[in-house]
Structures are given as structure tokens and as C-alpha cells.
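Right, one structure below, let's go through it.
The values are calculated or read from the model by the stated rules, or taken from the named source; none is laboratory data. Source: prediction; values computed, not measured. Quick reminder, even Gly has a Cβ in these numbers, built from the backbone with ideal geometry, and neighbours come from all protein chains shown. Each accessible area value is taken on the protein alone, full model and side chains, heavy atoms only, with ligands, DNA and RNA left out. Shrake-Rupley method; radii C 1.70, N 1.55, O 1.52, S 1.80 Å.
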Amino acid sequence: MLFIHQILHYLKNLHFKTNTGKEIFFDANGDVPATYDILNVQISQDEVFKLVKVGKLDPTAQEGEDIIVNTTAILWSDGSSQVCVSRSVCSESCAPGYRKASQEGKPLCCYDCVPCSQGEISNDTDAVKCLKCVETQWSNMRHDQCIQKQVEFLTIDDLLGLTLVICASAMTLVTTAVLFLFINYRHTPIVKANNRELSYFLLVALMFCFLCSFMFIGHPTKLTCVLRQTIFGVIFSISVACVLAKTILVVLAFKATNPSSSSRKWLGPKTPFGIVFFCSLIQIVICALWVAKSPPFPDLNMKTFKEKIIFECNEGDTIFFYCMLGYMGLLATVSFIVAFLSRNLPGSFNEAKLITFSMLVFVSVWISFIPAYLSTRGKYMVAVEVFAILCSSAGLLGCMFFPKSYTVLVRPERNSRSYLVRKTHSQ
């Protein structure tokens, strides 16, 4: 074995010239570089095949002289002598945006060009694999460059956001007009009926309900994320608590028509405002615990959509969010039940019918809101909540105050004590 090893050592370093000047040596692979003749198969006029040397291939020659071809000696079957360069691959090169995928059972030079997947790119020709974009970027249409993801949030520049802003502004102006109308006609019977101060308070609360929708539109900040859900929950609870107080006041007023009734002592102004304060206080406590334990905060959501970033308010602990909505729904349900049971009171106390219908609209809006809210993402989720705020607030405003405003402005003859008393006795 040692002898063979010694022979191999000398064979590797073998390098000499023959008498003809040809070099003999072994390359790195142990092969002897050979010179090859380039032959052209030619067919004579009598259909005799012959091989004609038209050039040679010499790897040991100097650069530029390793391949020598005499093009004048070439003759093809069609009589031409043009040199054709053939390709050594069976597939075209893959452009940027594609990667090579080998064809099963074929040589490596045979492959398919496969487009890069979404979020991946290739910016070189004949790329073997695609490169994945970083989390904040996405692939362009050609998949040859990573571009910054679009950041999406509900803004006033968007048609949807602009429409909601216009609706909220219009309803705020309408509510303000109704408030001034009631203040101007504060001494008339239809305004004084069922605690006019409570009506003022409800109108102001509805005005803030419309205004709080503006906090949902625009660039989320730490302050707006904390305020928009908590302010919305507290203001709406005050509004529904006012409706509940008006409902209870209607029932007490009817029962107190008997001078000996014990309900007369609850007809003072302290009762309705006490109900509003107590019901609102519970919601304030819920929101305060929410802010103290796990408040909402601005967040870049990159998981919902792969091709864009959702800039949203993360609700923090969602348990408090649903507790806030649940408590508001409980107040609305209790108010609806009380108003429904007292809907057949005499004509002068027919506000129970208006409250029943307004609560029916309110509850219907927020029941349909929950599945719509959970099934949408991004700016449309925010738009659904703003839409529910506007619709429920408009329902309360329209059902409770439009009939009275119509009577005050269009049918003033009905806005008298004699008409209300006559209507009550007729029933």
C-alpha cells in the first residue's frame, strides 16, 4: 500500500512535454486534459457521409485559442455554412419574482419557474428560493421587491369616515335644536309633562352620544383609546338611565292620582335624578376598574391582514368591554319591560308608548351590533360601532322627542292642559 501511495504522489506532480511539444499532466481531478477534434458530418452529392475536421478544442491552449473553428469548412445538409450556437439547458431563465423548481426525473438544467408566494420576493434571475419580507413589509405585484405595508384606520379622508362625521354632526345639530325648542316652550304642558328637567338632561346626554362618535374616527392615540370606549359607555348609560327614570316616573305619576297613595312621596325631582345617578355610578365603576386594571391602548395589528397593518385600539381586557356593553343592555331591557307593561296608561301619560318603541329600537340596534362587530375587522369594525352609536341615539331622539316637537310646532292646539285632560277623560 505504501508503494502505491508513493506512485500516486509522483503521478499527481507529473508534468512533461512530448517530442511534438504536447504537454502531459494530470489536473486536480486526476484526468489528463485531452485535445478534441471538432468534426462536421457532411453528405456529398452521391449521398456519401464523411467526417470533416473543421476545428479543435484544446484546454491547454492560451485563452482565446482553446476553441478554433474553421467556419469556411462547415457544410450543412441545406448547403449553408452558418455556425449555430445551441443551448446547454432545457428551460428558459427564471425572471425576478420567480424561483426555480426542479422537474422530477429530469436533469438539473430542466426546471419550472414558479411565482413567489404572497409576502415573498426574488430580485435575481434564476433564483433558487424566494426571500420572505419582514413583518412590516409586503411583496409588490411582481414579487421582485418588498414594499412598506399600508397602515389602515378609519379617517375623515375616507368616504366612510366622512359620511359618519357628517351624520354625527347633523344629528348633534338636530339634538341641539330640539333642546332649544324645549327650553323655549318650557312652560307648555307637553314639555312640562313627565319632568322637563329630565328631558333636558336626556337631550344633553344624547348630544354627547353623537359627539363621542368623533373619538372613534382618526389616528388612534393613547388618550383617545382610553376615552372613546369609557366615555361612550358612561354617556350611553346616563341616556338609558334617563329613559328608565322617565318610565318609572310615568308609572308613579299614574299611581299617585289617588290622594291616599303612598307613591306621591316619590314624585319629587330627587327620585328620577337619584335613579340616573345610581345607574350611571355602576357603569362609572366598571369603566374605572377597566382603566385601572387593563386600559385600552393603540396597537399595530399585523395578524388580521397579511398585506396591511391595522392601526387600532386594543381593548385591553375584553371582559370589561363586554361588561360595559352588558350593563348598558341590562338598563335598556329593564326600561323596555317597564315601559311595555305601562304602555296602556291614559292619554296624558302616553309617553310610555314612546319609551317602549324607543327602547325597542335601541335594543334591536345593539343586538344586531354584536354579530356585525365580531364579524368585521379593521376600520370597518370601528365603523360598525360608530354606526350603532348613531342609530341607537337617533332612535331615542326620534321616538321620544319627535312627536312632542311635532305637536309644539305644527299642532299647538294640542299643547294645552284642557286638551290633555279631555283626552285623558275620553279614554
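General observations
- Across the protein chains, with a 1.4 Å probe defining accessible surface, the residues Arg411, Arg377 rank Arg377, Arg411 from largest area downward.
- Charge tally in the Cβ shell below 9 Å around Arg186, where Lys, Arg are +1 and Asp, Glu are -1, Arg186 excluded: +2
- Listed peptides 199-208, 168-177, 43-52 by packing density, highest first (mean Cβ within 10 Å): 199-208, 168-177, 43-52
- A simple spin-label model places the labels of Ala292 and Cys113 6.6 nm from each other, with each point 7 Å out along Cα-to-Cβ.
- Förster radius 56 Å - calculated FRET efficiency between Gln145 and Phe180, Cβ distance, rounded to 0.05: 0.40
- Largest first, the residues Leu409, Leu75, Leu354 sort by 1.4 Å accessible area into Leu409, Leu75, Leu354.
- With all protein chains in place and ligands, DNA and RNA left out, the 1.4 Å accessible area ranks His187, His219, His143 as His187, His219, His143, largest first.
- Three-way shape label, the range 96-173, alpha-carbon gyration tensor, a/c 1.5: prolate
- Measuring nothing but protein heavy atoms, the accessible surface of the range 139-263 at 1.4 Å probe radius is 69 percent carbon and sulfur.
- Förster radius 41 Å - calculated FRET efficiency between Ala101 and Lys50, Cβ distance, rounded to 0.05: 0.35
- Counting Lys and Arg as +1 and Asp and Glu as -1 over every other residue whose Cβ lies under 12 Å from the Cβ of Val165, the net charge comes to -2.
- Cβ-defined net charge surrounding Ala95, 12 Å radius [Lys, Arg +1; Asp, Glu -1]: -1
- Residues whose placed amide H lies under 5 Å from that of Gly316, excluding near-sequence neighbours: Phe297
- Applying 1/(1 + (r/R0)^6) with r as the Cβ-Cβ distance of Trp76 and Thr136 and R0 = 60 angstrom yields a FRET efficiency of 0.50.
- Using 0.36 nm per residue and subtracting the Cα-Cα separation, the extra length available between Leu162 and Lys306 on full extension is 49.2 nm.
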